[in-house]
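Encoded as structure tokens, the structure appears first; notes follow it.
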Amino acid sequence: LDTYNMNYVLVDDDDDDRLLIGRALRHVAQPLPVLEFQDGQAFLDHLPELAPRRAGGATYWIILMDVHMPVLDGYETVALLRQHPHARHLPVLMVSGTSDAEFDQKTRNCGANACIRKPVTEHEYVAR
């Protein structure tokens with residue numbers, strides 16, 4: 001993958017989690033831009049602005065999405081993202097502190113690519 005054109009999108013309502021995850025993403029071999037949103041609706045509201053940038057060279061390589069957020073939760077956000085013509089192919093990693101036994105299945109059902117449970121270390125975020 002050409003890391004020069006990669007970006008991360010981080011969608012999480014928890015300030016501390018955004019700080020930890022953002023720090024982990026910025027410590028990869030080549031620091032990449034991290035765009036942050038506090039909930040799913042804020043991210044989807046900005047999607048029309050972000051998606052056209054892909055044609056200009058910026059590729060949103062991965063989205064890290066919290067599950068439990070106000071306004072629009074992660075499952076609903078990913079389901080709506082999959083309907084967007086310029087964003088349906090983007091990889092999504094669901095992140096949650098839930099102990100819900102159905103978390104893995106719900107993640108697949110909404111269209112996300114993978115899931116990880118909090119708390120995790122910076123190395124786990126980068127490895128995923």
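Inspection of segment 37-53 identifies no residue that is farther than 20 Å from Ala114 by Cα, among the small types (Gly, Ala, Ser), at pLDDT below 85 and part of a loop (DSSP other than H, G, I, E, B). Could you list, in sequence order, all residues of segment 94-111 that are under 24 Å from Gly22 (Cβ atoms), open to solvent by 10 Å² or more (accessible area, probe 1.4 Å) and outside any loop (DSSP other than H, G, I, E, B)? The one that is under 24 Å from Gly22 (Cβ atoms), open to solvent by 10 Å² or more (accessible area, probe 1.4 Å) and outside any loop (DSSP other than H, G, I, E, B): Cys110. Picking from residues in segment 10-28 that are open to solvent by 10 Å² or more (accessible area, probe 1.4 Å) and assigned to a helix (DSSP H, G or I), the one that is nearest to Phe43 (Cα to Cα) is Arg18.
The values are calculated or read from the model by the stated rules, or taken from the named source; none is laboratory data. This is a predicted model, so every value here is computed, not measured. When we count neighbours, we look across all protein chains shown, and the Cβ atoms used for this are built from the backbone with ideal geometry, even at glycine. All accessible areas refer to the heavy atoms of the entire protein, side chains included, with ligands and DNA or RNA removed. Shrake-Rupley method; radii C 1.70, N 1.55, O 1.52, S 1.80 Å.
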